[in-house]
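Student: Handing you this structure, nothing more for now.
The values are calculated or read from the model by the stated rules, or taken from the named source; none is laboratory data. Only a predicted model underlies this, so the values are computations on that prediction, with no experimental measurement involved. Every residue, glycine among them, receives a Cβ derived from its backbone with ideal geometry; neighbour counts consider all protein chains shown.
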Amino acid sequence: MQESLYDWEWFVNNFETISQIDLSAYKRPQMERRINNFMRIAGCTDYRSFVSLLNADAEICHKFMEYITINVSEFFRNPDYWRILEQDIIPQLLQQRPLLKVWSAGCSTGEEAYSLAMLFQARFPGHVQSIKATDLDREVLKKAARALYPNKVVRTLPDPYLQRYMQPEGEYYKVIDEIKKMVEFERHDLLKDPYEQDYDLILCRNVFIYMTEASKQNLYRKFAAALRPGGILFIGSTEQIFQAVEVGFHARSTFFYQKN
Ligand SMILES: C[S@@+](CC[C@H](N)C(=O)[O-])C[C@H]1O[C@@H](n2cnc3c(N)ncnc32)[C@H](O)[C@@H]1O
């Protein structure tokens, strides 16, 4: 399926009208490949017929958004880094302030935000002021708020956490209310919406992967501005901030960046 530059730009503009998602901020080859794949499966051979389909069929449109935003998540994803968070980063942040303001940015279906809430409840009770969790995709936020996860999804939870903070419900586990009420979910587009300030800790993990270098730089600067001096940005295990100092950080350890 070969599309001209003009067609791609036409699609990006029209898709933004439908979804408010700005595809031009993401890496074009990866996006194009995924989109062309989806179009083929949906039986469309060009962007115009695909946009008509997205406008006409809400269910396909929803499936497509899910497909391109890539919502895979896990509880305590990369446990080694969560250990560093628990044993090194949070204790140090707590030496500076007794109550931490935390943000899970690009939280998908909520596993990351609930992992944070469980960690604070188990290891630092009473030391979290708020946990905000945001995503671009309204559908994942609905799932996050439901807090119901299939058995296979909870397998990465340490056993004591599973026992204490999840309730079995048939083939699912539900996050208990004590943990649920610690997290506030909200729709937020990292590329377009204003950022709150004065965070101690921000997790933005596995969100940058498909973004262009320019969008990433832009986001790093916004995260630096949203953190208080000394605050920490925790990123994904395949990500790295090159020239961190230029965007307002220094590397504290791999995947943890501290605001200067
Ligand atoms: C792979 S998931 C990562 C979930 C979680 N942070 C983790 O590491 O397990 C990426 C999430 O980023 C969200 N996302 C992508 N672009 C975004 C944007 N511009 N603003 C907010 N969220 C975005 C997607 O909707 C998706 O839910």
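Student: With respect to Arg187, determine if the residue is over 15 Å from the mean Cα position of the chain (by Cα) and either aliphatic (A, V, I, L, M) or more than 24 Å from Leu157 (Cβ to Cβ) (or both). Outline the logic, then answer.
Tutor: Numbers: over 15 Å from the mean Cα position of the chain (by Cα): no; either aliphatic (A, V, I, L, M) or more than 24 Å from Leu157 (Cβ to Cβ) (or both): yes.
Considered against the rule, which asks whether it is over 15 Å from the mean Cα position of the chain (by Cα) and either aliphatic (A, V, I, L, M) or more than 24 Å from Leu157 (Cβ to Cβ) (or both), Arg187 comes out as no.
Student: Quick one: how many residues across segment 100-124 are more than 13 Å from the ligand (Cβ to nearest atom), aromatic (Phe, Trp, Tyr) and under 20 Å from the mean Cα position of the chain (by Cα)?
Tutor: 1
Student: Could I ask something else about it? Filtering segment 25-64 down to residues that are surrounded by fewer than 17 Cβ atoms within 10 Å (Cβ to Cβ) and of a type in the set (Ser, Thr, Tyr), which residue is farthest from Leu136 (Cα to Cα)?
Tutor: So, considering only residues that are surrounded by fewer than 17 Cβ atoms within 10 Å (Cβ to Cβ) and of a type in the set (Ser, Thr, Tyr), the one farthest from Leu136 (Cα to Cα) is Thr45.
Student: Oh, and also: Considering only segment 210-234, state which residues are more than 9 Å from the ligand (Cβ to nearest atom) and in a strand (DSSP E or B).
Tutor: Step one: of segment 210-234, the residues more than 9 Å from the ligand (Cβ to nearest atom) are 212-214, 216-218, 220-234.
Selection gives Leu227, Arg228, Pro229, Gly230, Gly231, Ile232, Leu233, Phe234.
Student: Continuing with this model, one more query. Looking at (1) closer than 27 Å to Gly230 by Cα; (2) surrounded by fewer than 14 Cβ atoms within 10 Å (Cβ to Cβ); (3) in contact with a helix residue (DSSP H, G or I) (Cβ under 9 Å, 6 or more places away or on another chain); (4) not β-branched (Val, Ile, Thr), can you tell me which one Tyr195 breaks?
Tutor: Tallying (1) closer than 27 Å to Gly230 by Cα; (2) surrounded by fewer than 14 Cβ atoms within 10 Å (Cβ to Cβ); (3) in contact with a helix residue (DSSP H, G or I) (Cβ under 9 Å, 6 or more places away or on another chain); (4) not β-branched (Val, Ile, Thr), Tyr195 fails exactly one: (2).
Student: Has segment 164-186 got any residue that is assigned to a helix (DSSP H, G or I) and among the hydrophobic types (A, V, I, L, M, F, W, C)?
Tutor: Initially, segment 164-186 is screened for residues assigned to a helix (DSSP H, G or I), giving 164-165, 177-180.
Those left that are additionally among the hydrophobic types (A, V, I, L, M, F, W, C): 179.
Yes.
Student: Looking at this structure, is Ala122 aliphatic (A, V, I, L, M), in contact with a helix residue (DSSP H, G or I) (Cβ under 8 Å, 6 or more places away or on another chain) and surrounded by fewer than 19 Cβ atoms within 10 Å (Cβ to Cβ)? Steps first, answer last, please.
Tutor: Working: aliphatic (A, V, I, L, M): yes; in contact with a helix residue (DSSP H, G or I) (Cβ under 8 Å, 6 or more places away or on another chain): yes; surrounded by fewer than 19 Cβ atoms within 10 Å (Cβ to Cβ): yes.
Yes: the conditions hold for Ala122.
Student: Just checking, which of Val207, Val175 is under 30 Å from Gln20 (Cβ atoms), away from the ligand (no atom under 14 Å from the Cβ) and touching a residue at least 60 places away in the same chain (Cβ under 8 Å)?
Tutor: Working: Val207 fails: away from the ligand (no atom under 14 Å from the Cβ).
Val175 is the lone residue from the list that is under 30 Å from Gln20 (Cβ atoms), away from the ligand (no atom under 14 Å from the Cβ) and touching a residue at least 60 places away in the same chain (Cβ under 8 Å).
Student: Pull up segment 125-145, narrow it to residues that are away from the ligand (no atom under 12 Å from the Cβ) and assigned to a strand (DSSP E or B), then point me to the one that is surrounded by the fewest Cβ atoms within 10 Å (Cβ to Cβ).
Tutor: Only one residue tops the list, namely Gln129.
Student: Give segment 8-34 a look and list any residue that's within 16 Å of the ligand (Cβ to nearest atom), under 16 Å from Asn55 (Cα atoms) and in contact with a helix residue (DSSP H, G or I) (Cβ under 9 Å, 6 or more places away or on another chain), or say none. Spell out the reasoning first.
Tutor: Taking segment 8-34 as the starting set, the residues that turn out to be within 16 Å of the ligand (Cβ to nearest atom) are 12, 15-16, 18-28, 30-31, 34.
Within this subset, residues satisfying the condition of being under 16 Å from Asn55 (Cα atoms) are 12, 15-16, 18-21.
If the condition is that a residue be within 16 Å of the ligand (Cβ to nearest atom), under 16 Å from Asn55 (Cα atoms) and in contact with a helix residue (DSSP H, G or I) (Cβ under 9 Å, 6 or more places away or on another chain), then Val12, Phe15, Glu16, Ile18, Ser19, Ile21 are the ones that fit.
Student: Confirm whether Glu112 is surrounded by fewer than 18 Cβ atoms within 10 Å (Cβ to Cβ) and outside any loop (DSSP other than H, G, I, E, B).
Tutor: Details: surrounded by fewer than 18 Cβ atoms within 10 Å (Cβ to Cβ): no; outside any loop (DSSP other than H, G, I, E, B): yes.
In short, no.
Student: Can Gln258 be described as away from the ligand (no atom under 15 Å from the Cβ) and part of a loop (DSSP other than H, G, I, E, B)? Lay out the reasoning, then the answer.
Tutor: Numbers: away from the ligand (no atom under 15 Å from the Cβ): yes; part of a loop (DSSP other than H, G, I, E, B): no.
For Gln258, the condition - away from the ligand (no atom under 15 Å from the Cβ) and part of a loop (DSSP other than H, G, I, E, B) - is not met.
Student: Filter segment 65-109 for residues that are crowded, with 16+ Cβ neighbours inside 10 Å and of a type in the set (Ser, Thr, Tyr); which is farthest from Arg34 (Cα to Cα)?
Tutor: Among those residues, the one meeting the criterion is Tyr81.
Student: Looking at segment 212-260, which of its residues are at pLDDT 95 or above and among the acidic types (Asp, Glu)?
Tutor: Glu246 - this is the single residue of segment 212-260 that is at pLDDT 95 or above and among the acidic types (Asp, Glu).
Student: Among the numbered conditions (1) in contact (Cβ under 8 Å) with a residue 60 or more places away in the chain; (2) outside the structural domain of Asp189 (by TED's automatic domain parsing), tell me where Ile90 comes up short.
Tutor: Checking Ile90 against (1) in contact (Cβ under 8 Å) with a residue 60 or more places away in the chain; (2) outside the structural domain of Asp189 (by TED's automatic domain parsing), the one that fails is (2).
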